[in-house]
Amino acid sequence: MVVGLTGGIGSGKTTVANIFAQFDTVVIYNADIEAKKLMNASLIIKSKIIKEFGEESYLDNQLNRPFIANLVFKDKSKLAALNAIVHPEVKNHFQEFVNLHVDKDYVLYENAILFESKSNLKCDLIISVYVPLNIRIERTMLRDNCSKIAVENRIKNQWLEDKKLLQSNYVITNLNKENTHFQVLKIHNILTEKKGSI
């Protein structure tokens, strides 16, 4: 069973994923982390990114993240071009990961742009992590040491929160650590019961 985990920037998806990771019968696939690894390791992705964005895209054989981020978060067409290069490779990599872990109760697929990249179509169920917008902006500014405008530019490239929540099977409100733990445990218990019927 594949369970999608998504939520807007600064909602605390990774915090929630780390709670799920405590269960032995669950494995986590973080699409953002794996995409970053593939952008540095895959010769196919590297050559396509350099062709699209120029030689400056890589420094010392590593993705020049500030350079790429500066381009794509200001221009939706450039972001679409980057996604068209990276997403198919991540999807293939994810499928290999799922095939390796068929013995688990479920694979938790953490993906910030689960709906935007149509990766939700690969999921049996979807969990969204919710936090009010003002708190998300504050958290992201602190975490990434960036301006409010920079965070808002990134948010503009994600679906509106309401749209995600309406298409999710479960919603975790991530404001209080103890309460978040309780919500995760409750959902995990439901999912392990459901596994036989999906």
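At-a-glance table
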{"quantity": "Where labels lie 7 Å past Cα in the beta-carbon direction, separation of ILE149 and LEU166 in nm", "calculated": "3.2 nm"}
{"quantity": "Additional length obtainable on full extension of the chain from LYS104 to SER47, 0.36 nm per residue less Cα span", "calculated": "17.0 nm"}
{"quantity": "Net dipole in debye of the stretch 3-149 [+1 Lys, Arg Cβ; -1 Asp, Glu Cβ; about Cα centre; nearest 20]", "calculated": "460 debye"}
{"quantity": "Between the stretch 87-113 and the stretch 146-164, the alpha-carbon center distance in angstrom", "calculated": "25 Å"}
{"quantity": "Over 19 Å (Cα to Cα) - which of LYS51/LYS78; LYS78/LYS156; LYS164/LYS186; LYS13/LYS48; LYS13/LYS164 fall in this group", "calculated": "LYS164/LYS186; LYS13/LYS48"}
{"quantity": "Against the rule of thumb 2.2 N^0.38 Å, how large the Cα Rg of the stretch 1-80 comes out", "calculated": "1.35"}
{"quantity": "Accessible area (Å², per residue) of the stretch 1-65, counting only protein heavy atoms and a probe of 1.4 Å", "calculated": "49 Å²"}
{"quantity": "Cα centroid of the stretch 120-144 to Cα centroid of the stretch 1-57, whole Å", "calculated": "14 Å"}
{"quantity": "Unit charges at the beta carbon, dipole of the stretch 61-198: most positive-side option, ASN176, PRO88, LEU71", "calculated": "LEU71"}
{"quantity": "Taking N as its residue count, the alpha carbon Rg of the chain over 2.2 N^0.38 Å", "calculated": "1.05"}
{"quantity": "LEU185-GLU138 pseudo-label distance in nm [points 7 Å out on the Cα-to-Cβ vector]", "calculated": "2.7 nm"}
{"quantity": "DSSP-defined antiparallel bridges as percent of all bridges, the chain, nearest 5", "calculated": "10 percent"}
{"quantity": "Carbon plus sulfur fraction of accessible area for the stretch 33-101, probe 1.4 Å, in percent", "calculated": "56 percent"}
{"quantity": "Average accessible surface area per residue within the stretch 141-198, 1.4 Å rolling probe, Å²", "calculated": "71 Å²"}
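The values are calculated or read from the model by the stated rules, or taken from the named source; none is laboratory data. Computed from a predicted structure; not experimentally measured. Backbone-built Cβ (ideal geometry, glycine too); neighbour counts: all protein chains shown. Heavy atoms of the whole protein, side chains included, go into the accessibility calculation; ligands, DNA and RNA do not. Shrake-Rupley method; radii C 1.70, N 1.55, O 1.52, S 1.80 Å.
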